[in-house]
1. Let me confirm something: among Lys243, Lys265, Lys317, which residue is in contact with a Ser or Thr (Cβ under 7 Å, 6 or more places away or on another chain) and basic (Lys, Arg)?
2. When you scan segment 207-220, do you find a residue that is in a strand (DSSP E or B) and of a type in the set (Asp, Glu), even just one?
3. Within segment 126-144, track down each residue that is under 36 Å from the mean Cα position of the chain (by Cα) and exposed (fewer than 15 other Cβ atoms within 10 Å of the Cβ).
4. Criterion first (part of a helix (DSSP H, G or I), exposed (fewer than 10 other Cβ atoms within 10 Å of the Cβ) and at pLDDT below 70) does Ser350 satisfy it?
5. Any idea which residue in segment 53-112 is farthest from Leu173 (Cα to Cα), counting only those that are free of Cβ contacts under 8 Å to residues at least 60 places away in the same chain and in a strand (DSSP E or B)?
6. Condition test on Pro280, is it modelled with pLDDT of 95 or more and not small (Gly, Ala, Ser)?
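The values are calculated or read from the model by the stated rules, or taken from the named source; none is laboratory data. Treat the numbers as computed from the prediction; the structure is a model and nothing was measured. Counting neighbours? That spans all protein chains shown, and the Cβs are built from the backbone with ideal geometry, glycine included.
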Amino acid sequence: MKKEITNTVEATLLRQIAEEQLKKKQAGKAPPTTEGDAVRLLHELEVHQVELEMQNEELRRAIDKAEAATEEITILYDFAPAAYFTLDKDSLITNLNLNGAKMLGRDRSDLIKNNFKMFISLDTREIFDEFFQDLIETYSKHSCEIKLITHDNRSIYVQLDGIVSESKKKYLLSAIDITELKRVEEELRKSETIAGSRLREIDEIYQNAPIGLGVFDLDLRFLRINEHLAKINGIPVSEHIGKTIEQLVPVFFEQARSIRDTILKTGKPQIGLEVTGYTPSKPGILRSWDENWVPLHNDAGDIVGISIVVEETTERKLAEKILKENEERLRDLNATKDKFFSIISHDLRSPFTAIIGYSELLADQIDHKNYEGIEEYAK
């Protein structure tokens, strides 16, 4: 209804203007002198009127399209997921959309002519000042991150993107709430700190473990090794990385290749392997180790490397050998002892038998009070 009234008023005003212009044009012209001139003039006027009506209709359609497009743009502006603010050169809010009002926690009408900086936290206001000054001076797009204080004193982090209008008198800002993103980033930062700390702890344990630890690729090239295993090999840690077993300790290459091939064939760890050999750290001394070889897989389940755990058993094996020799010696000593006591027992048995016999005879003589017999035995 309002649109129809407006169109009527515009049409009336347009007619008045047209009549005034026609009077001015006819003021310097002579009226038609013949009936034929009048007919031609009337025809021209009618044609011109039709042309004007067509042009007016085309203009009306263009205006309707423009109004529809403006309405669509207004709806998109008001209901856009981002907050939009229009500021003047003094940072006063001249326009904003519904999300902008929601972000600041107040009605849109109450925010017009308010200074946008009033809603910026003190600790980030300097950042905004630099951002806004760059907009004024360069007329190019700029961005920044600030913290807004809402009507209920909540703090929210936003990313501002700003451009300058074509008239260079308005500054158009879009604001996206990144509070949740900041929270996630902070949680991620804390997680990374904790993970880094734990990785350092694991690395300390790995490097200082009392057993040898290492990782090979499938070419038996060292990717990682701890100090203990490097010490076993008699070669510094740094000289292991990127080099193969064949290059560093070739005496073990055939054994290592055989173990690797078994793992690739079966896909299973090789546990409790007994390995013996000589190393540069103790040349000429035959050493022994217990080893566990475990395959490492990627996300697709393919074997991409091998982890090795090495425990030296040279001293334990030596101790076991000595213990076994002592046990054998002890068994020999026990056998000798038993034989010795057997001989002693046999040698002592005859004298003691005679003594016992005489003792029994003496006892019998005493029972019969045969003192002469006792005296005879005593001789």
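1. On the way: Lys243 fails: in contact with a Ser or Thr (Cβ under 7 Å, 6 or more places away or on another chain); Lys265 fails: in contact with a Ser or Thr (Cβ under 7 Å, 6 or more places away or on another chain).
Lys317 is the lone residue from the list that is in contact with a Ser or Thr (Cβ under 7 Å, 6 or more places away or on another chain) and basic (Lys, Arg).
2. no
3. Of segment 126-144, the ones under 36 Å from the mean Cα position of the chain (by Cα) are 126-132, 134, 140-144.
Selection gives Glu126, Asp129, Glu130, Ser140, Lys141, Ser143.
4. Values: part of a helix (DSSP H, G or I): yes; exposed (fewer than 10 other Cβ atoms within 10 Å of the Cβ): yes; at pLDDT below 70: yes.
Yes, satisfied.
5. Looking at residues that are free of Cβ contacts under 8 Å to residues at least 60 places away in the same chain and in a strand (DSSP E or B), I get Leu92.
6. Working: modelled with pLDDT of 95 or more: no; not small (Gly, Ala, Ser): yes.
Against the criterion (modelled with pLDDT of 95 or more and not small (Gly, Ala, Ser)), Pro280 does not qualify.
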